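A short write-up of the structure that comes next.
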Amino acid sequence: MNVAIVKYNAGNVYSVVNALRRLGIEPLLTDDAEQLQRADRVLFPGQGHAGEAMEYLKARRLDEVIRDLKQPVFGICVGQQLLCKHSEEGDVDCIGVFDADVKRFQPQRHEEKVPCMGWNSLHDVKGPLFEENTYVYFVHSYYVPLCEHTTAMADYILPYSAAMQKDNFYACQFHPEKSGAVGEQILKRFLEL
């Protein structure tokens, strides 16, 4: 299987590479449009700043390439946020696959720290990537509100979209590559779509 990972100025890419290697996949890390279009599966992971990431993607027209992909695409963390319409982080228009805006967490009480960091439970899960409600690992300051594309919810300060799906696009706010055996199964199910 030909699996590509979108290369752009975002961190956390190599933990995804290593997770795929554990599943027997040697992914191609690339920002080449043709290689992304030819791949059987595309992963779009990342940690970083949405504004800077979109600047890199737009300069190479990768925002258009990603939006037009027909094979299964999996956005992870900032990847999920960039697949949305707009982000408060950098006040930037994003790729626009999901009709949703990315918001910054607004703590209401002293114990609500931003970024949200650590293990949290998924609930109300649906779709082919999930079998049951479970615990996964999160690190994020921004979130996607609940919407028609939500396939899993999490709660931190308020309920939000922990995972989403529209057509061939799948996305999660958590890090499957850092979520142990559960996360490995989620990645495996994506590869088997």
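The values are calculated or read from the model by the stated rules, or taken from the named source; none is laboratory data. None of these values were measured; they are calculated from a predicted model. As a convention, Cβ positions derive from the backbone with ideal geometry for all residues, glycine included, and neighbour counts pool all protein chains shown. The protein model used for the area step is the full one, side chains on, heavy atoms only, and it has no ligands, DNA or RNA in it. Shrake-Rupley method; radii C 1.70, N 1.55, O 1.52, S 1.80 Å.
Write down Rg/Rh for segment 1-115, rounded to two decimals, with Rg from the C-alpha atoms and Rh from the Kirkwood relation over Cα pairs.
Numbers: Rg = 14.8 Å, Rh = 14.7 Å.
Checking Rg against Rh, the ratio lands at 1.01.
Which whole-number percent gives the relative contact order of segment 62-193, counting Cα pairs below 8 Å spaced six or more residues apart?
Values: 281 pairs, mean separation 33.1, N = 132.
Across segment 62-193, relative contact order equals 25 percent.
For Glu89, Glu55, give the ranking by accessible area with the largest first, probe 1.4 Å. Don't skip to the answer; put the middle values down first.
Values: Glu89 25, Glu55 135 Å².
Per-residue accessible area, sorted high to low, gives Glu55, Glu89.
Return the calculated 222 nm mean residue ellipticity for the chain, to the nearest 500 deg cm²/dmol, obtained by summing -39500 (n - 2.57) across DSSP H runs with n ≥ 4 and dividing by the residue count.
That comes out to -7000 deg cm²/dmol.
Within segment 31-136, how many Lys pairs that are eight or more residues apart, or on different chains, come under 21 Å at the alpha-carbon? List each step's numbers first, then the result.
Numbers: Lys58/Lys70; Lys58/Lys85; Lys70/Lys85; Lys85/Lys103; Lys103/Lys113.
Step by step, the pairs that qualify in segment 31-136 add up to 5.
Taking only protein heavy atoms and a 1.4 Å probe, what accessible area per residue, in Å², does the chain have with all protein chains in place? All intermediate terms of the calculation are to be shown ahead of the outcome.
Numbers: 8660 Å² over 193 residues.
Result: 45 Å² of accessible area for each residue.
If you bin every alpha carbon distance in segment 1-57 into 10 Å steps from zero, what whole percent lands in each bin?
Binned Cα distances yield the sequence 25, 52, 21, 1.
Of the accessible area of segment 67-170, with the probe set at 1.4 angstrom, what percent is carbon plus sulfur?
Ligands and nucleic acids excluded, carbon and sulfur give 46 percent.
For segment 65-193, what Kirkwood radius comes out of the mean inverse Cα-Cα distance, in Å?
Numbers: mean 1/r = 0.0684 Å⁻¹.
In segment 65-193 this quantity evaluates to 14.6 Å.
Hydropathy first: keep DSSP H helices in the chain averaging at least 0.0 on Kyte-Doolittle, then drop any whose Cα extent along the axis falls short of 15 Å, and list what survives. Don't jump to the answer; show the numbers that get you there.
Details: long enough: 180-191 (17 Å, 0.39).
Span-like helices, by this rule, are 180-191.
Which distance in nm do the two modelled labels at Asp40 and Arg22 give, with both placed 7 Å along the Cα-to-Cβ direction?
Taking the simple label geometry, Asp40 and Arg22 are separated by 2.1 nm.
Could you rank the peptides 179-190, 67-78 by their average count of other C-beta atoms within 10 Å per residue, with the highest value first? Numbers along the way, then the final one.
Numbers: 179-190: 18.0, 67-78: 20.9.
Top of the packing list down: 67-78, 179-190.
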